[in-house]
1. Just tell me how shielded B:79-86 is by partners: mean number of partner chain Cβ atoms within 10 Å of each residue's Cβ, no decimals.
2. Give me the distance in nm between label points sitting 7 Å out from Cα along the Cα-to-Cβ direction at residue B:237 and residue B:191, one decimal.
3. Under a 10 Å cutoff between Cα atoms, tell me which one of A:342, A:278, A:362 has the largest fluctuation in the Gaussian network model of chain A.
4. Neighbour counts of other C-beta atoms within 10 Å: give me A:373, A:78, B:27 arranged from fewest to most.
5. Just counting partner chain Cβ atoms within 10 Å, what average do the residues of peptide B:282-291 show around their Cβ?
6. Would you work out if the stretch B:190-342 is rounded, prolate or oblate? Take a ≥ b ≥ c from the square roots of the eigenvalues of the alpha-carbon gyration tensor; rounded if a/c is under 1.5, else prolate when a/b is larger than b/c, oblate otherwise.
7. To the nearest 500 deg cm²/dmol, what mean residue ellipticity at 222 nm is calculated for chain B from DSSP H runs of n ≥ 4 alone, each contributing -39,500 (n - 2.57), summed and divided by the residues?
8. Would you kindly derive the ³J(HN,Hα) couplings of the stretch A:134-148 from the backbone phi angles with the Karplus curve 6.51 cos²θ - 1.76 cosθ + 1.60 (θ = phi - 60°), listing them in order in whole Hz, with x for Gly and Pro?
Amino acid sequence: MKKILIAISFLLFSTYANADCNIKSGSINILANDFPALRTLVETAKECKGSADFKVTHSAEHNKIAVPALTANPSEFSVRVAANSSIVPLMNADLIRPMNDLVKKYGKGIQDSQLITIDGKVMAVAFMANTQHLYVRTDVLKENGIAIPKTYEEVVAASEKIRAAGKMKYPYAAAYKAGWNLAEEFVNMYIGHGGEFFKAGTAQPNINNAKGVATLNMLKKLADLSNPDYLTHDSEAIKVEWESGNVAIMTLWASRSGTLLDDEGDAKITAATKLVAPATVGGGNIPAATLWWDGFTLAKNRSDADAEASFRSLAHAASSKEMVAKAADQAVWLVEGFVPGPKSVGVIEAVKMGAKPYPMLPQMGLMHGALGSEIVEFLQGNESAEQALKDVEAAYMTKAKEQGFL
Amino acid sequence: MPNKNFFWFFLPAGLAMILFIGLPIISTGIQSFYAQHDQILINVKKCDPFGCKESVVVDQEATSKIREEKPLGKFNGFKTYIDRNHLATDQVSEFWEESKSFGEFIGKVGNLPFYKALVFTLTYCIIVTPCVLLLGFVIALSLNAISRKIRGPLIFGTILPMIVTPLVGSLVLFWMIDAEGIIGANLQILMDDPYLSVKSSKSLTWITIIIYGIWHHSPFAFVVFYAALQTVPQEPLEASIIDGASRLQRVIHIVLPHIYPVVTFVALISLMDNFRVFEPIIGFSAEGSAQSLSWLIYDNLVNEEVILFGSAAATSIMTIIGISIILAPVLIRTWREFRTNR
């Protein structure tokens, strides 16, 4: 009986949703990353597509497609679901449109805090927050008498203890794959040390300093406690390591917890997995993590009708209380009516501890790219920390000069 | 064939080549001389769910004006070619002055991205090409000698590495060398080192990629050699057997001279292919330890959130020049032979 009631109410709700948007024309084509929360959002947006054409591309390679696809006129996609970092190349090349008028007209359920404004222009509407935080295996920690680590120094000590106990060979894991992932770990750790990437007000790099060296040394210590193949491990790979029971402490995205804690895999490991706050480092009080938002942007090189249709269907999703209630486990939604569950702990703690957002600067992508390739040799033990940082700065400056930032 | 006939036969292919190869190369060449305009940054207030803050963005109004005037960007001449990410002339001369020994100098130069990639590309080329030629030839000889009944299936089995998609082939090996894969785990036991990782060790990664390269390219050499072996005349071979020549002597003095032009051809194609090594680096996720020139181009175009067209174009042009230099001796030799034959 209860099931039938739910089914009926769901039916009622969905017809209501369809009637709500009432989109008559235009076409909607979405480019988005591929993880469960985004799929839910797109499905919710589809509910109210009306008679508009609706297409979606979910791809882990979204970053590589976005700029070329939106540069075309008319552009391939009308909507690009972006984050702090991936919105920057779109803004640098002037590929997305401000949506103040659309927000005013159709954005009734969207909260002000969801709006990403640049100089007063709404460039994106955020719907979820993300960060990287610690995951721990409570059973392993308990067995070895270790408290839940709060700093990376404690993570190192705990991992060493677990290894010494002969319990696990590689007790720690983080996405250290050379390239974007490794650079992201550096960014987190450097911010945790209180570092600034650029000299104030300029695009001059500022990482070859004591904080940079401390960051690299901490990364190396953690890498030595990880699976020796760490330079090829991305978030998906360490998730698999965790599910095979090879890891006791891990730094991973909050958005990955959904598939990590699903019914697939060893129930014992899932039961003992606990999500905790991100760690601090080097005696700092802000976490060694960056805050991220995911939001949707509208392509500039697309007709106004398409932009309007796209905005209306996505605004429906980005303000849907039903969606956040139904998918409360999948993400930390920024939408009104979201009640945080146990899987939101990481992000909420990070915000409470005063974590900084990932720097949304035009030249940050170049710095990120330089970090991803130039610090590898240090981790392999072929280079000193100072030399690696010097290389990063030199590689960054060459690229920044070519791009006209210096 | 009269020249006129040749011209008409060649015309469609020639046109396609100009359109799809010639013009893009010219356009790449032009792009390599340009860099982005100076970015005009302005300070604005940025707000997101985590708060507001003053920070810089690119001033679109001002930028779009400059872009309309000069869509190609700022003329940069050869500056992209000599910057640190390419030939790094300034850095190299600086290293030359401050280095105490030649070894130190080489070490410092090898740390620059372009030279790092060049060293790997050349090492790969120099080791893989002869190995492919030798292995291909040995397989062709042995298959040519066995009974016709089982030759068919054996030939099929031999060309399998070429049929398997490069990325799939490298992924299979990638999983085998994983710290928990069959090769990786056994190596750990064999070397008695639980922290040994093929994937994170630079030299082991190089060896893996080179072995993969030989495995993947040998069938090509084999197929061509095998076809060439079918054309070796039987009379001189029989005559030499009567004269008491050993098998090795027959191969060296009769078979090899006969198929020599084919060997040159295979060497040429292999060199060219190997100089552009790329897929195994992606397949093995070996970006950290091994970078090739082709990978540098890829990195500039897709790995950064900002696309570096000038940088990628400059590397492309230098790769083309590199291939020409490597092929030059073989080409000159072929040309000379062609002249003397006439």
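1. Values: counts 2, 3, 0, 0, 6, 7, 8, 1.
Other-chain Cβ atoms within 10 Å of each residue's Cβ, averaged: 3.
2. 4.5
3. Its mean-square fluctuation being the largest, the pick is A:342.
4. Working: A:373 24, A:78 29, B:27 11.
In order of increasing Cβ crowding within 10 Å: B:27, A:373, A:78.
5. On the way: counts 0, 0, 1, 9, 3, 9, 15, 7, 0, 3.
The per-residue average across the peptide is 5.
6. Working: a/c = 3.79, a/b = 1.65, b/c = 2.30.
In terms of gyration-tensor shape, oblate.
7. Per the formula, -21500 deg cm²/dmol.
8. With coefficients 6.51, -1.76 and 1.60, one gets 7, 10, 10, 9, 4, 5, 5, 4, 5, 4, 9, x, 10, 7, 4 Hz.
We did not get these values from a lab; they are worked out from the coordinates using the rules stated. Everything numeric in this text was worked out from a predicted model, so none of it was measured. Heads up, the Cβs are rebuilt from the backbone with ideal geometry, glycines too, and the neighbour counts pull from every protein chain shown.
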